[in-house]
Amino acid sequence: MNKPLRRIAIFCGVLILALLVRTNYLQYVRADELNSRDENRRVRIERYAHERGNIIVDGNPVTGSVETKDSDFKYKRVWKNGPMWAPVTGYSSQAFDANFLEKLEDGILTGNDDQLFFNRTLSMFTGEKKQGGNVVTTLNAAAQKAAFKGLGDKKGAVAALDPQTGAILALVSTPSYDPSTFAGNSTADSKAWEKLSKDKNKPMLNRALRETYPPGSTFKVVTAAAALENGLYTSIDEHTKSPLPYRLPLTTGNLENEGNIPCENASLREALRWSCNTVFGKISDDLGNQKMIDQANKFGFNKDVFTPVRADASVYPKDNRPQNAMAGIGQASNRATPLQMAMVAAAVANDGKLMQPYMVAERKAPNLDVIYTHEKEQLSQPLSGENAQKLQQMMETVVKNGTGTNALINGVTVGGKTGTAQHGLNNSEKPYAWFISYAKTDKGSPVAVAVVVEDGQANRDDISGGGLAAPIAKAVMKAVIDSKK
Amino acid sequence: MSVVTNTTTIGAIDAPSRRNTELMMMVFAVAISVFAYANVGLAMDGKLPSGMFGYGAGLILLGGVAHLVVRKFAPYADPLLLPLATLLNGLGLVLIWRLDQSPRLIQRAEVLYGAYSPDAPKQLLYSAIGVAFFVAVLVILKDHRILQRYTYISMVAALILLILPMFFPAVNGAKIWISLGPFSIQPGEFAKILIAVFFSGYLMVKRDALALASRRFMGLYLPRGRDLGPIITIWALSILILVFETDLGTSLLFFGLFVVMLYVATERTSWIVFGLLMSAVGAVGVASFEPHVQSRVNAWLDPFSKATMAQSDQIAQSLMSFGSGGTLGTGLGQGHSDLIMFAANADFILSTVGEELGLAGMMAVLLIYGLIVERGVRTALAARDPFGKLLAIGLSGAFAIQVFVVAGGVMGLIPLSGMTMPFLAYGGSSVLANWALIAILIRISDTARRPAPAPAPSSDAEMTQVVRP
């Protein structure tokens, strides 16, 4: 009976071997995949096992941690002025995961990031309590506050950039929410979460990054840039040979202006000052769809933007002639995020150089060593310095004596563009009020801003970019300039 | 056994008894367990656990008694079996005690049962009873061949044990329990030994008939119809277990055990082919209409699917436990294997090994099981009587299959079944039955390794001597 016995021995050996191979496969080959699964609660347990690091604005943390009695999660995240900072920090909830900076910078905030390996090893030997690192943002608390206050209970968003570096100075979305209300793991937290998720006003939507609007007349800045860059016009004061009324190509309908404004053969400067649809619709048609797409792409359209929080791609579409003409004045299927329009204003203000927008300036180890510093990075050059300066003159005319006078600041050069974007079928819904602008001091341009107000409680006829959005932009720019003094 | 080989553990006439080797290994096994106990305490509370001396003393006492009994009653027994079993039992106690400290499990118990009571002290009690079983078997069973007399009694007892759970309510979907007042036992664990005894006795008598009276067909020796009777009976029984008790593991274990023993007894490959065919037919047949089995298979195929997670996330949790352990593990007491919640310290105790001791610990534990099986197979090879051979291979084969089925189940290699990891997992029946199993193996190995009596002096010896000038 020994021969079959030996075979059985081999069989048993194979069984054990299969188990050995399987455990190697699970614990070595698949370990990372299993560890990073969403179903793996350990990720969250680890996230709240220690005091989480903080997100810092202007040297002060806007976040904190409090100890809880929950058996799984030792600490709970809290926010200072949550609704105001939520579009930047995002939330970090024991029950509902995390998003935005709280999620993207989780490794630093929990102290588990590979960049902190040395730090961690060191504290293992010294026996220190494990701590998270800090994330230092580029935001300007005064500007954020001005934007948040300016929007008030209106629905809308503000994005402000430092044109010279791309640093994000303000990022506000209203109505907002307080992430502290559902940071824990209790039934109250679930109820708060459910209420927010079901809210028709979508308070958890980050309108500055994740909502695309028709940019309306603010897009005329891009169209003007395309005209200058493609040599359609060389001077901003020459006549444009545009008829009034202007018939949309291949259609029987006319492209109308808002009100009775002097648009026939108007120069670029005058056309932007009065916001002439006829002039810019014709420019867009004259240049054609491809050139318009190219120019929009140089400003960052048709691509996600990572700040590192992802901003949705703005869209300048491939389209037929009449639609392309409409897209040239920011209508039809042309859509842009507030951040995108702030990038447009910033590129113009920065003499044509578009900088990569970013909101994380530094990452700090728990012992406050800086382990990462953002290096400013040019994204593209949408227009030449010369043309950028021409465009600046045009935008400054808009604010000085055009539709944007509400954004004037004493002693500061301000350039801007208003927009009132129609939306809804046959323009049935209340239009969006837009304003994009930049401010210039003798030290260059410290701020560019884009404001969108979805539908003020104002009467339909009162809604205009100049009336609703420009004062908010002004407040933000003023806050930035004042804080630099 | 016509050819003399060196693979048996039968030594020369003056074979060393290896009792001192065993003692050293026992000291090692106990020391490792006590060290692990201290480790858990330090990791979870930052201080040496208060029960450490009690626990250490208990383990030393159990190990010492077991060793002394082997020294006295089975002096030539295999020196590795007892230390390996002690090490697993000791580690199991540590792991159970570690899971006792889990706030998550305490909270769960309080919610479900209104009260929480730790399992480790109970397991220590079971271990003591298990060692008492071990001692009793060694003391009472002077020679394993006595068991041969109880061939049919074993069969009847095994059948009763296997059928009884059908009359008791299902616990968590499987009818594998008999509850008597406060006690509940898993009869399958004991039936495993009884069935091995029955097969050994039955096959030893019938093996020639089964092996030789057969027709050749397509290169296979087909058994006669009347010889197929017992195999079909066992097959039907394991299918019945599967259907009425929805116990995948036990039915797999019994059928596997039977095929292994039949093959060893008859030396005919055709029995294996038959066995595999019949188990395939049975498995597919049952799986096609038994929802409990179906859900197990689905959970195995896609443990992270929404449907599976909604029903039970045990497999997924177990896999993530293994993943989180990685190569070196989180360290005892520092993992989150308690996220498995239900049966974390029983069927799923291996996940805790995987998470807290890591790949290294898993390999070590699996190799310990492998070594026990290997010593068992060696005992079978060394045994001088066919009954002993069959019984030893049956017991070690059953042990190997059980380890494979349970470990493969929690690691997602095969569908999950409700059996326990021998010695490691919490559970009285399991500990008792496996200590008895080890005792029988030790008894067989003692008989096998016992020096043969010195040959009677031959009066012719001197006369046939070649004398060279």
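Over region A:100-144, the ratio between the Cα radius of gyration and 2.2 N^0.38 Å evaluates to 1.43.
With kT/(6 pi eta Rh) evaluated at 37 °C and eta = 0.692 mPa s, and Rh the Kirkwood radius from Cα pairs, region B:385-439 diffuses with a coefficient of 272 µm²/s according to Stokes-Einstein.
Between B and A, roughly 3800 Å² of accessible area is buried in total, ligands, DNA and RNA not counted and the probe set to 1.4 Å.
Go from 0 up to the bin containing the longest alpha carbon distance in region A:13-146, width 5 Å each, and give me the % of pairs per bin. The percentages, shortest bin first, are 2, 9, 16, 18, 16, 14, 9, 6, 4, 3, 2, 1, 1, 0, 0. Kirkwood's formula applied to the C-alpha pairs of the protein assembly as shown gives a hydrodynamic radius of 33.6 angstrom. Straight-line cross-link reach from A:Lys200 at under 20 Å between alpha-carbon atoms covers these lysines, not counting any fewer than eight positions away in the same chain: A:Lys154, A:Lys155, A:Lys191, A:Lys430.
Mind checking the dipole of region A:115-162: about its Cα centre, +1 per Lys or Arg Cβ, -1 per Asp or Glu Cβ, Debye to the nearest 20? Write down the numbers at each step before the final one.
Numbers: 7 positive and 3 negative charges, 37 e Å.
Charge dipole, region A:115-162, about its Cα centre: 180 debye, nearest 20.
Dipole magnitude for chain A: computed about the Cα centre from +1 point charges on Lys and Arg Cβ and -1 point charges on Asp and Glu Cβ, it is near 1220 debye.
Which residue, A:Val172, A:Val451, A:Pro87, has the largest displacement toward the positive end of the dipole of the protein assembly as shown when charges sit on each Cβ (Lys, Arg +1; Asp, Glu -1)? Among A:Val172, A:Val451, A:Pro87, the one farthest towards the positive end of the dipole of the protein assembly as shown is A:Pro87. The largest-to-smallest principal axis extents of the Cα set in region B:267-351 are 50, 36, 20 Å.
What Kirkwood hydrodynamic radius, in Å, does region B:298-437 give when the mean of 1/r is taken over all pairs of distinct Cα atoms and then inverted? List each step's numbers first, then the result.
Working: mean 1/r = 0.0630 Å⁻¹.
15.9 Å is the Kirkwood radius here.
In this view, the solvent-accessible surface of A:Tyr25, computed with a 1.4 Å probe and all protein chains in place, comes to about 90 Å².
Listed as lacking a disulfide-compatible partner in the protein assembly as shown: A:Cys12, by the criterion of no other cysteine Cβ under 4.7 Å. Per residue, region B:55-116 exposes 37 Å² of solvent-accessible protein surface, assessed with a 1.4 angstrom probe and all protein chains in place. Across chain B, Cα-Cα distances exceeding 30 Å account for 48% of all pairs.
Rg/Rh for region B:229-280 stands at 0.98; both radii use Cα atoms, and Rh follows the Kirkwood definition. For region A:297-428, carbon and sulfur atoms together expose 45% of the accessible surface, with a 1.4 angstrom probe and every protein chain in place.
Given the pairs A:Lys202/A:Lys282; A:Lys149/A:Lys485; A:Lys241/A:Lys390; A:Lys291/A:Lys484; A:Lys80/A:Lys195; A:Lys69/A:Lys198, which are separated by over 27 angstrom at their Cα positions?
On the way: A:Lys202/A:Lys282 37 Å; A:Lys149/A:Lys485 22 Å; A:Lys241/A:Lys390 19 Å; A:Lys291/A:Lys484 39 Å; A:Lys80/A:Lys195 21 Å; A:Lys69/A:Lys198 29 Å.
The pairs that break the limit, which is 27 Å between Cα atoms, are A:Lys202/A:Lys282; A:Lys291/A:Lys484; A:Lys69/A:Lys198.
Is the shape of region B:290-337 rounded, prolate or oblate, going by the alpha carbon gyration tensor and its root eigenvalues a ≥ b ≥ c, with a/c under 1.5 for rounded and a/b larger than b/c for prolate? Prolate is the answer for region B:290-337, as a/c is 1.5 or above and a/b outweighs b/c. Accessible surface area normalised per residue over region A:296-423 is 38 Å², counting heavy atoms of protein chains with a 1.4 Å rolling probe. The accessible surface of chain B, taken with every protein chain in place and a 1.4 Å probe, is 68 percent carbon and sulfur. Here the mean projected area of the convex hull built on the C-alpha positions of region A:329-415 is 8.8 nm². Counting only alpha carbon atoms, the long axis of helix A:385-401 and the longest principal axis of chain A meet at about 70°.
Apply 1/(1 + (r/R0)^6) to the Cβ-Cβ distance of B:Phe342 and B:Asp385, taking R0 = 45 Å, and write down the FRET efficiency to the nearest 0.05.
Working: r = 45 Å, r/R0 = 1.00.
According to the calculation, E is roughly 0.50.
State which helices in chain B qualify, where a helix is a whole DSSP H run, it must extend 30 Å or more along its own axis by its Cα atoms, and its mean Kyte-Doolittle hydropathy must be at least 0.5. Correct list, ordered by number: B:19-45, B:52-73, B:187-212, B:349-382, B:386-410, B:428-449.
Relative to the dominant Cα principal axis of chain A, helix A:117-126 is inclined by about 40°.
Keeping the other protein chains in place, figure out the carbon and sulfur percent of the accessible area of region A:139-230, with a 1.4 Å probe. Reported share for carbon and sulfur atoms: 50 percent.
Restricted to Cα atoms, region A:186-328 shows a radius of gyration and a Dmax of 19.5, 67 angstrom.
Only four residue types carry charge here, +1 at the Cβ of Lys and Arg and -1 at the Cβ of Asp and Glu. Report the dipole size of region B:56-124 about the Cα centre in Debye, rounded to the nearest 20. Spell out each step's value before the answer.
Values: 6 positive and 4 negative charges, 13 e Å.
So the magnitude is around 60 debye.
Kirkwood Rh, chain A, all Cα pairs: how many Å? Spell out each step's value before the answer.
On the way: mean 1/r = 0.0411 Å⁻¹.
Kirkwood radius, chain A: 24.4 Å.
Gyration tensor over the Cα atoms of region A:382-449: the corresponding equivalent ellipsoid has semi-axes (square roots of 5 times the eigenvalues, largest first) of 27, 14, 10 Å.
Relative to the longest principal axis of the Cα atoms of chain A, helix A:187-198 runs at roughly 30 degrees.
The values are calculated or read from the model by the stated rules, or taken from the named source; none is laboratory data. Because the structure is predicted, anything quoted here is derived from the model rather than measured. For neighbour counting, all protein chains shown are included, and Cβ atoms are generated from backbone atoms with ideal geometry for every residue, glycine included. Surface areas here come from the heavy atoms of the whole protein model, side chains and all, with no ligands, DNA or RNA. Shrake-Rupley method; radii C 1.70, N 1.55, O 1.52, S 1.80 Å.
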